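The values are calculated or read from the model by the stated rules, or taken from the named source; none is laboratory data. Keep in mind that what you see is a predicted model, and the values were worked out from it rather than measured. All Cβ positions, even for glycine, are placed from backbone atoms using ideal geometry, and neighbour counts span all protein chains on display.
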Amino acid sequence: MVTIRIIRKIVVLSLCFLLAGEPIAQTASAEAVTPVSAGVTASTNDMTYRTLQRDMEGADVIRLKQRMQELGFFIATAVLTDRYNSTMEYKVKQYQNALGVKATGIASPELQKLIYSENGGLPTATPVAMPTPAPSDRIASTSLPEPTHESSTKTSAQTTLKPLPTATPSDMASIGNGTGYRVLKADMSGEDVLRLKQRLQELGFFSATAELTDSYNSTMEYKVKQYQNTLGLTATGVATPELQTTIYTENGGLPLTTPVPTPETVMINGVAYRTLKQNMTGEDVQRLRERLQQLGYYPQNMETSDLYNSTMEYKVKQYQSDLGIKATGIATPELQATAFTDYGGLPTPIPLALPSLPPLTKDGFLLAQGQEYVYENNEMGQWIYLSTSLRIEITRYTREGNNPLIWYETSIQFTDAQAFQRLNAKEKYKNHFNTEYPDLIAVRNNLVLAFSDDFYGIRKHRRQKQGVIICDGQVVANDPYKKNIVTYMPPLDIMAFFKDGSAKAFYGNEYTAEELLGMGVQNTLCFGPVLLRDGQLGQQVADGKFASNEPRCALGMIAPRHYLLITVEGRYSGSKGTGLNWIATRMQQLGVQDAVNLDGGNTTALVFRGKLLNKIGTFDGELTVIRGVRSVSSIMGIGQNLTPIPAENTK
């Protein structure tokens, strides 16, 4: 830890030295007072840089983005452009925060020089290089990929590179014993926690598809206990420096054997499986349970074990029924091999073919001004709206079986002539809390599309925490929780909308209202939790929180002015609802970068041209009956109908 502190001081002193020189100090001072024009440049070490800031373009912008991608501030798969947009400004602020300097979002020549230096001028605190893992020898194991640069430096919960957290005196003693590791245990976080999780994933203790975070949560503690049991050690769940040293050795200190078929196992695609049934135990049992959990047969927040108990037998029967085969409750090698394929062999959502459309622009909008195209097919579950500035496509999907589910995927694309807007209920009584049914608000405001928002009004009426609410660039409420990440509903996480049609997901207390306004935020929705951030699962979702099956509504951004809305029916026999992990994963598959959960339950609403498309079940005594959604204080909407809404849609 002394070494880490020295490195930090060296970085800060180096930066201060750079900023103190001539003519650098003059440039920095001018930049702090007024924005620098695109033509101002400075030379450092024979390299000429110009000051880069919001809305500038050029080859130097994309080079800087690529360098920041190498440093982990953009995900490895991000498509980079040559425009210094709001996302780039945000990433530069993250980098400045990591250096401990003022986060202006402006890339001065001095800052660029530092970015292009070795390791980007960031502290390095990697204990040791991880050895290449040997092939796993476990039954039913699969070939696990090496962790990518992206996953080793950036997670859903940690979007900035940071040095290791400050150690306690006992931790420092551990680091000082020559191993280079600190003691890791429950409720700690840091890059070393993430690296350890990735190593345990390579060794087979996490499934290959698990989304890993930098938090030493209860799941991590359980996995460390499993590893300790495998080595024959006392299962404390604490990763001591000595244990970490062993984990990073070849094969993690575990016995190395080559899987070969035995009378009890069958080889399928190079993997050995044995038949599993009630009262059996083993790592292959646990892996199958984890896979069934990923497929939705267990709650996402339930810890798995290596015992094939009666509950697991029941879940296997459910899975067999959904596959259309005899429900024996016995997991044959063939069944296990199917479970580990994409979607577990279950039917996958297939979008409906589009009907014949009128002539469109290359971006998919109508060519003719002053016209609109409307397609409504309630039976097939497809609704389409097209104009010169708005394109909406809604598809209804149905999953049958033991976990029936009905959901709607709404693609929303628009030009700079359109924007999301918050519409309030009709004011029937002055100085009172007013509510109105979502479809009535939509019809009264002639909206093409309307959907659930954050139900901010009810929190204000009840004098509860309201979160950070910004409307049209004005702060309406600034009342977040004191903690940044909370696990009660709603956590008041934020979807922030910018002028350029983009949006970012933020945790509830990550930025103040003033800081968000400084970034250029125009409007916010405040509910949560964060589902996706930069394409990665949000912290609460990755930790298995909010896993109960409920009606849901979530909004995510694929690209500026291109959004995806998912609306889930629930609380009745035809659709039980779903947890947030399923929605986040589905959005991730469809290319969403940032997404936030909105108000759900009996407030969940999806309205197309005045017609409420979804339905909700309500518990009534001993029966679940189908009812409409409840009245709300406001909704989100977009688009104005050019032709009258059909009367049958408003019934």
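Considering (1) at pLDDT 90 or above; (2) on the phi > 0 side of the Ramachandran plot; (3) buried (at least 19 other Cβ atoms within 10 Å of the Cβ), the lone condition that L565 does not fulfil carries the number (2).
Inside region 554-588, can you point out the residues that are in contact (Cβ under 8 Å) with a residue 60 or more places away in the chain, in contact with a helix residue (DSSP H, G or I) (Cβ under 8 Å, 6 or more places away or on another chain) and more than 20 Å from Y298 (Cα to Cα)? L564, I566, listed by residue number.
Within region 196-225, the residues that satisfy the criterion of being part of a loop (DSSP other than H, G, I, E, B) and in contact with a strand residue (DSSP E or B) (Cβ under 7 Å, 6 or more places away or on another chain) are E211, D214, Y216. Give me the pairs, please: first residue somewhere in region 437-457 and assigned by TED's automatic domain parsing to the domain that holds L390, second residue anywhere and small (G, A, S) and assigned to a helix (DSSP H, G or I), beta-carbon distance under 6 Å, and either six or more positions apart or on two chains. Pairs that qualify, where the first residue is assigned by TED's automatic domain parsing to the domain that holds L390 and the partner is small (G, A, S) and assigned to a helix (DSSP H, G or I), are A450/A442.
Please verify whether region 210-228 includes one or more residues that are over 16 Å from A542 (Cβ atoms) and charged (D, E, K, R). Within region 210-228 (the criterion being over 16 Å from A542 (Cβ atoms) and charged (D, E, K, R)), the answer is yes, since at least one residue qualifies. Considered as a group, the residues in region 463-477 that are surrounded by fewer than 17 Cβ atoms within 10 Å (Cβ to Cβ) and of a type in the set (S, T, N, Q) include one that is nearest to G518 (Cα to Cα), and that residue is Q474.
For region 479-513, a residue qualifies if it is in a loop (DSSP other than H, G, I, E, B) and closer than 16 Å to T87 by Cβ, and the qualifying residues are K499, D500, G501, S502, E510, Y511.
Answer with yes or no whether G296 is in a loop (DSSP other than H, G, I, E, B), exposed (fewer than 15 other Cβ atoms within 10 Å of the Cβ) and on the phi > 0 side of the Ramachandran plot. No: the conditions fail for G296. When region 478-494 is limited to residues that are surrounded by 19 or more Cβ atoms within 10 Å (Cβ to Cβ) and touching a strand residue (DSSP E or B) at 6+ places or on another chain (Cβ under 7 Å), the one that is nearest to R609 (Cα to Cα) turns out to be I494. Reported count of residues in region 438-462, each being assigned to a loop (DSSP other than H, G, I, E, B) and surrounded by fewer than 19 Cβ atoms within 10 Å (Cβ to Cβ), is 3.
Residues checked against (1) in contact with a strand residue (DSSP E or B) (Cβ under 8 Å, 6 or more places away or on another chain); (2) part of a loop (DSSP other than H, G, I, E, B); (3) under 20 Å from F205 (Cα atoms):
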| position | (1), (2), (3) |
| --- | --- |
| S305 | no, yes, yes |
| V316 | yes, no, no |
| A337 | yes, no, yes |
| A353 | no, yes, no |
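Taken over region 262-293, residues that are within 26 Å of A547 (Cβ to Cβ) and either of a type in the set (S, T, N, Q) or not in a helix (DSSP H, G or I) (or both) amount to 6.
In this structure, is K499 of a type in the set (D, E, K, R), modelled with pLDDT under 85 and assigned by TED's automatic domain parsing to the domain that holds L532? Answer is no for this residue.
For the residues L531, L516, the requirement of being under 13 Å from the mean Cα position of the chain (by Cα) and outside any loop (DSSP other than H, G, I, E, B) singles out L531. Within region 81-91, the set of residues being buried (at least 16 other Cβ atoms within 10 Å of the Cβ) and out of contact with any Ser or Thr (no Cβ under 8 Å at 6 or more places or on another chain) comprises R83, Y84, M88, E89, Y90, K91. For region 298-307, the set of residues classified as at pLDDT below 90 and of a type in the set (A, V, I, L, M) consists of M302 only.
The number of residues in region 624-651 that are assigned to a loop (DSSP other than H, G, I, E, B), at pLDDT below 80 and surrounded by fewer than 13 Cβ atoms within 10 Å (Cβ to Cβ) comes to 1.
In this structure, does G370 turn out to be surrounded by 11 or more Cβ atoms within 10 Å (Cβ to Cβ) and on the phi > 0 side of the Ramachandran plot? No; evaluated as a whole, the condition is false for this residue. For the subset of region 95-129 comprising residues that are modelled with pLDDT of 80 or more and among the polar types (S, T, N, Q), which member is surrounded by the most Cβ atoms within 10 Å (Cβ to Cβ)? Here the answer is S108.
For every residue, the table says whether it meets (1) among the small types (G, A, S); (2) over 19 Å from R630 (Cβ atoms).
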residue: D416; (1), (2): no, yes
residue: R422; (1), (2): no, no
residue: Y429; (1), (2): no, no
residue: E436; (1), (2): no, no
residue: I441; (1), (2): no, no
residue: A450; (1), (2): yes, no
residue: D454; (1), (2): no, no
residue: H461; (1), (2): no, no
residue: P480; (1), (2): no, yes
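Rundown of residues vs (1) in the same structural domain as G544 (by TED's automatic domain parsing); (2) touching a helix residue (DSSP H, G or I) at 6+ places or on another chain (Cβ under 7 Å); (3) basic (K, R); (4) at pLDDT below 90, yes/no style:
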| position | (1), (2), (3), (4) |
| --- | --- |
| A272 | no, no, no, yes |
| K277 | no, no, yes, no |
| E290 | no, no, no, yes |
| G296 | no, yes, no, yes |
| N309 | no, no, no, no |
| A327 | no, yes, no, yes |
| T341 | no, no, no, yes |
| L352 | no, no, no, yes |
| P358 | no, no, no, no |
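The test for being modelled with pLDDT of 95 or more and either among the aliphatic types (A, V, I, L, M) or not assigned by TED's automatic domain parsing to the domain that holds F498 (or both) does not hold for L346. Among what's in region 67-94 and is touching an Asp or Glu at 6+ places or on another chain (Cβ under 8 Å) and of a type in the set (S, T, Y), pick the residue that is modelled with the lowest pLDDT. So, considering only residues that are touching an Asp or Glu at 6+ places or on another chain (Cβ under 8 Å) and of a type in the set (S, T, Y), the one modelled with the lowest pLDDT is T77. Take the conditions (1) out of contact with any helix residue (DSSP H, G or I) (no Cβ under 9 Å at 6 or more places or on another chain); (2) modelled with pLDDT of 85 or more; (3) not assigned by TED's automatic domain parsing to the domain that holds P333; G282 misses just one of them, which is (3).
Restricting T328, T281, T311, T304 to those that are surrounded by fewer than 16 Cβ atoms within 10 Å (Cβ to Cβ) and under 31 Å from the mean Cα position of the chain (by Cα) reduces the list to T311.
Check whether at least one residue in region 398-406 is among the hydrophobic types (A, V, I, L, M, F, W, C), surrounded by 14 or more Cβ atoms within 10 Å (Cβ to Cβ) and touching a Pro at 6+ places or on another chain (Cβ under 7 Å), and report yes or no. Checked region 398-406: no residue is among the hydrophobic types (A, V, I, L, M, F, W, C), surrounded by 14 or more Cβ atoms within 10 Å (Cβ to Cβ) and touching a Pro at 6+ places or on another chain (Cβ under 7 Å).
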